[in-house]
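The values are calculated or read from the model by the stated rules, or taken from the named source; none is laboratory data. This is a predicted model, so every value here is computed, not measured. Every residue, glycine among them, receives a Cβ derived from its backbone with ideal geometry; neighbour counts consider all protein chains shown.
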Amino acid sequence: MIDDLLGNSEAMQKQMAEALNKVQIKEELDGIVVEATGNREITNISISESLLSPQEKERLEDSLTVVLNRALMAIAKAEQQVSTKMMEDLLPGLSNLFGK
């Protein structure tokens, strides 16, 4: 019985990882674009040429901090949505408990 639960748990984790990998996150701020997957993998960072001058160093650093944090928050939201959907699929009546 425990082996069945562990097997199901591993299968669900794999399913969730696959679903999150399909979630594409894109955050933009002040000429910086950060792209990531729902699995917390940054896939691309684009920086506008205008931000590459020494005079813009501090602004670039501040903007990167903000946009990366936004991407992480979007990823956390995506994880929650995928997790909720998987639970609803596993236990169909569950969504009624949350007023949906």
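Quick look at the numbers
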quantity: Residue satisfying all of: in the stretch 54-87; of a type in the set (Gly, Ala, Ser) and either touching a residue at least 12 places away in the same chain (Cβ under 8 Å) or touching a Phe, Trp or Tyr at 6+ places or on another chain (Cβ under 8 Å) (or both); surrounded by the fewest Cβ atoms within 10 Å (Cβ to Cβ) among these; calculated: Ser83
quantity: Unmet requirement for Leu51, which otherwise passes all of (1) part of a helix (DSSP H, G or I); (2) surrounded by 13 or more Cβ atoms within 10 Å (Cβ to Cβ); (3) at pLDDT 90 or above; (4) not charged (D, E, K, R); calculated: (3)
quantity: Candidates Ser53, Ser83 - the one that is more than 22 Å from Glu35 (Cα to Cα), out of contact with any strand residue (DSSP E or B) (no Cβ under 8 Å at 6 or more places or on another chain) and among the hydroxyl-bearing types (Ser, Thr, Tyr); calculated: Ser53
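Residue-wise test of (1) of a type in the set (Lys, Arg); (2) out of contact with any Asp or Glu (no Cβ under 8 Å at 6 or more places or on another chain); (3) at pLDDT 90 or above.
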residue	(1), (2), (3)
Gln24	no, no, yes
Met73	no, yes, yes
Ser83	no, yes, no
Met86	no, yes, no
Phe98	no, yes, no
